[in-house]
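**Q** Sharing a structure with you now.
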Amino acid sequence: MGGESEKWALMVTGRTPTNIAVIKYWGKRDETLILPINDSISVTLDPDHLCTTTTVSVSPSFDQDRMWLNGKEISLSVGEFQSCLREIRSRATDFEDKKKGIKITKDDWQKLHLHIASYNNFPTAAGLASSAAGLACLVFSLAKLMNVKEDYGQLSAIARQGSGSACRSLYGGFVKWIMGKEGDGSDSIAVQLADENHWDELVIIIAVVSARQKETSSTSGMRDTVETSLLIQHRAPKRIIQMEDAIKNRDFPSFARLACADSNQFHAVCLDTYPPIFYMNDTSHRIISCVEKWNRAEGTPQVAYTFDAGPNAVLVARNRKTAALLLQRLLFHFPPQSDTNLDSYVIGDKTILQDVG
Ligand code: ADP
Ligand code: DP6
Ligand code: CO
């Protein structure tokens with residue numbers, strides 16, 4: 001391995017935005033490989049506002065793999081983390097820094113230990129897809145560190161094995177996770193539908209209704225759904241094609257109707273699960289009513305809403321003018337830190353943004 005008395009460490013820092021599904025992934029057909037029961041589509045958010053930053057380092061002086069999340073040590077022995085580490089290590093290639101006299105061969109990578117420190121600049125496990133940004137960032141940073149030569153499609157398939165939604169955070173813009181048909185998951189990958197410049201008049205406002213950790217993780221919630229819900233069989237696969245068309249044509253009314261309907265259907269499926277899962281709360285429901293009333297009064301949708309596995313609202317305004325009006329209304333009806341129980345707002349002024357890196 002070289003290096004003077006082995007006193008060296010190599011490190012890489014990556015930053016990855018989160019993504020919010022407008023057609024939700026919910027349910028696995030294979031829990032280990034993380035293969036979904038449906039296709040899903042998401043928007044990658046502005047990395048300046050919601051992102052994970054992860055530093056991965058390697059040194060001969062490390063005697064075990066360790067990880068810290070938001071400053072607190074967590075166990076890496078979880079299956080999902082192990083899958084990602086194994087897949088990346090198996091693709092590691094030789095690295096050499098002649099100036100520093102460091103050489104790491106493919107075989108060395110299998111033995112060297114890692115230290116990983118990750119921070120989310122937004123609430124973790126609160127339904128704003130921290131697992132998506134977190135696992136995508138982990139895979140991306142590890143791949144850089146270990147000189148992995150795979151393309152983004154292959155990296156997305158590895159991130160998928162960490163957290164399903166993570167495969168979509170490898171790309172900016174609008175992204176589709178194709179569920180695939182193969183048993184080994186080789187065709188279950190994310191593809192970019194449109195890049196970050198395609199529909200740049202959209203503005204996303206996130207109402208952080210509660211930053212608290214949810215009671216039911218996405219992983220266990222969707223497991224219960226697959227085992228107990230009858231309604232899950234009635235989720236509409238046609239919506240994927242319709243949503244792809246809406247995005248391609250920048251057709252906001254269709255985009256909004258489909259996104260809202262899919263979010264509501266997803267939460268109905270949660271309620272149909274045993275034991276029932278309540279991700280939204282009263283404030284979430286009141287935000288929905290407020291947007292629905294406005295859209296009906298205008299005669300055509302101005303704002304779309306979608307709620308992941310948590311109470312927080314992701315609102316998409318059709319343009320900047322609408323976004324300003326939306327924010328005014330929200331601040332009036334849901335002032336932060338008031339008895340409405342709303343924590344804060346995050347505004348993505350550039351909407352759908354850039355690549356990881
Ligand atoms: P969310 O809605 O935030 O995605 P999930 O229940 O899907 O909530 O996942 C939360 C879990 O994701 C956390 O408990 C943690 O295990 C993992 N996670 C979140 N952020 C990171 C991160 N930056 N790095 C690694 N794992 C993360
Ligand atoms: C509601 O990707 O967090 O956010 O694969 O078990 O890690 P695991 O679950 P996760 O589930 C996300 C569910 C969702 C919808 C979506 O992002 O598509
Ligand atoms: Co998640």
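**Q** Kindly indicate whether Asn264 is in a helix (DSSP H, G or I), in contact with a Cys (Cβ under 9 Å, 6 or more places away or on another chain) and at pLDDT 95 or above.
**A** Details: in a helix (DSSP H, G or I): yes; in contact with a Cys (Cβ under 9 Å, 6 or more places away or on another chain): no; at pLDDT 95 or above: yes.
So Asn264 fails the test.
**Q** Of all residues being in a loop (DSSP other than H, G, I, E, B) and in contact (Cβ under 8 Å) with a residue 40 or more places away in the chain in region 281-300, which is farthest from ligand 1 (Cβ to nearest atom)? Just the residue, please. So that I can check it myself, show each step before the final result.
**A** Here is the first cut: in region 281-300, the residues in a loop (DSSP other than H, G, I, E, B) are 281, 299-300.
Within this subset, residues satisfying the condition of being in contact (Cβ under 8 Å) with a residue 40 or more places away in the chain are 281, 300.
Working: Asn281: 15, Thr300: 31 Å.
Applying the filter and picking the extreme gives Thr300.
**Q** Test of understanding: among Ala261, Ala246, which residue is small (Gly, Ala, Ser) and surrounded by 17 or more Cβ atoms within 10 Å (Cβ to Cβ)? Even if it seems obvious, please write down each step before you answer.
**A** Details: Ala261 fails: surrounded by 17 or more Cβ atoms within 10 Å (Cβ to Cβ).
After applying the criteria, what remains is Ala246.
Okay, residues lined up against (1) within 16 Å of ligand 1 (Cβ to nearest atom); (2) among the hydrophobic types (A, V, I, L, M, F, W, C):
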site	(1), (2)
Ser186	no, no
Trp199	no, yes
Leu202	no, yes
Thr225	yes, no
Asp245	no, no
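**Q** So Val269 passes all but one of these: (1) at pLDDT 95 or above; (2) exposed (fewer than 14 other Cβ atoms within 10 Å of the Cβ); (3) closer than 22 Å to Arg160 by Cβ. Which condition number does it fail?
**A** Going through (1) at pLDDT 95 or above; (2) exposed (fewer than 14 other Cβ atoms within 10 Å of the Cβ); (3) closer than 22 Å to Arg160 by Cβ one by one, Val269 breaks only (2).
**Q** Looking at (1) under 23 Å from Ser217 (Cα atoms); (2) modelled with pLDDT of 95 or more, which is the one condition that is false for Asp343?
**A** It fails just one condition, (2).
**Q** Quick check: anything in region 107-122 within 13 Å of ligand 1 (Cβ to nearest atom) and modelled with pLDDT under 95?
**A** Within region 107-122, one or more residues are within 13 Å of ligand 1 (Cβ to nearest atom) and modelled with pLDDT under 95.
**Q** Related question: Go through region 222-254 and count every residue that is touching a residue at least 60 places away in the same chain (Cβ under 8 Å) and under 27 Å from Val203 (Cβ atoms). Can you show your working first?
**A** We begin by selecting, within region 222-254, every residue touching a residue at least 60 places away in the same chain (Cβ under 8 Å); these are 222-223, 225-226, 232, 235, 237, 239-240, 243-244, 247, 252.
Within this subset, residues satisfying the condition of being under 27 Å from Val203 (Cβ atoms) are 239-240, 243-244, 247, 252.
Residues that pass the stated criteria total 6.
**Q** Now a separate question. Within region 217-230, is there a residue that is more than 16 Å from ligand 3 (Cβ to nearest atom), more than 22 Å from His333 (Cα to Cα) and crowded, with 22+ Cβ neighbours inside 10 Å?
**A** Checked against the condition, which is being more than 16 Å from ligand 3 (Cβ to nearest atom), more than 22 Å from His333 (Cα to Cα) and crowded, with 22+ Cβ neighbours inside 10 Å, region 217-230 yields at least one hit.
**Q** Take residues that are within 27 Å of Leu33 (Cβ to Cβ) and tell me which of the strands (runs of 3 or more DSSP E) falling wholly in region 93-169 contain 2 or more.
**A** Numbers: elements: 95-97, 102-104, 113-120.
Of the strands (runs of 3 or more DSSP E) lying wholly inside region 93-169, those with at least 2 residues that are within 27 Å of Leu33 (Cβ to Cβ) span 113-120.
**Q** Quick one: Val226 ticks every box in (1) away from ligand 2 (no atom under 15 Å from the Cβ); (2) more than 12 Å from Ile23 (Cβ to Cβ) bar one, so which box is it?
**A** Condition (1) is where Val226 drops out.
**Q** Let me ask something else about it. Go through (1) within 16 Å of ligand 2 (Cβ to nearest atom); (2) touching a residue at least 12 places away in the same chain (Cβ under 8 Å) for Val303 and report which single condition fails.
**A** Checking Val303 against (1) within 16 Å of ligand 2 (Cβ to nearest atom); (2) touching a residue at least 12 places away in the same chain (Cβ under 8 Å), the one that fails is (1).
**Q** Let me ask another. Going through region 143-159 one residue at a time, which ones are surrounded by 21 or more Cβ atoms within 10 Å (Cβ to Cβ) and either hydroxyl-bearing (Ser, Thr, Tyr) or in contact with a helix residue (DSSP H, G or I) (Cβ under 8 Å, 6 or more places away or on another chain) (or both)?
**A** Keep residues of region 143-159 that are surrounded by 21 or more Cβ atoms within 10 Å (Cβ to Cβ), which gives 143, 145-146, 148, 155-159.
Ala143, Met146, Val148, Leu155, Ser156, Ala157, Ile158, Ala159, listed by residue number.
**Q** While we're on this one: Considering only residues that are near ligand 1 (Cβ under 8 Å from one of its atoms) and at negative phi, which ones fall in region 48-79? Let's see the steps before the verdict.
**A** In the first step, residues of region 48-79 are kept if they are near ligand 1 (Cβ under 8 Å from one of its atoms); the result is 52, 54, 67, 69-70, 74, 78.
If the condition is that a residue be near ligand 1 (Cβ under 8 Å from one of its atoms) and at negative phi, then Thr52, Thr54, Met67, Leu69, Ile74, Val78 are the ones that fit.
**Q** For region 21-80, give me each residue that is of a type in the set (D, E, K, R) and either crowded, with 17+ Cβ neighbours inside 10 Å or not in a strand (DSSP E or B) (or both). Break it down stepwise before answering.
**A** Going residue by residue through region 21-80, those that are of a type in the set (D, E, K, R) are 24, 28-31, 39, 46, 48, 63, 65-66, 72-73, 80.
If the condition is that a residue be of a type in the set (D, E, K, R) and either crowded, with 17+ Cβ neighbours inside 10 Å or not in a strand (DSSP E or B) (or both), then Lys24, Lys28, Glu31, Asp39, Asp46, Asp48, Asp63, Asp65, Glu80 are the ones that fit.
The values are calculated or read from the model by the stated rules, or taken from the named source; none is laboratory data. The structure displayed is predicted, hence computed values, not measured ones. Note: ideal-geometry Cβ built from the backbone for every residue, glycine included; neighbour counts use all protein chains shown.
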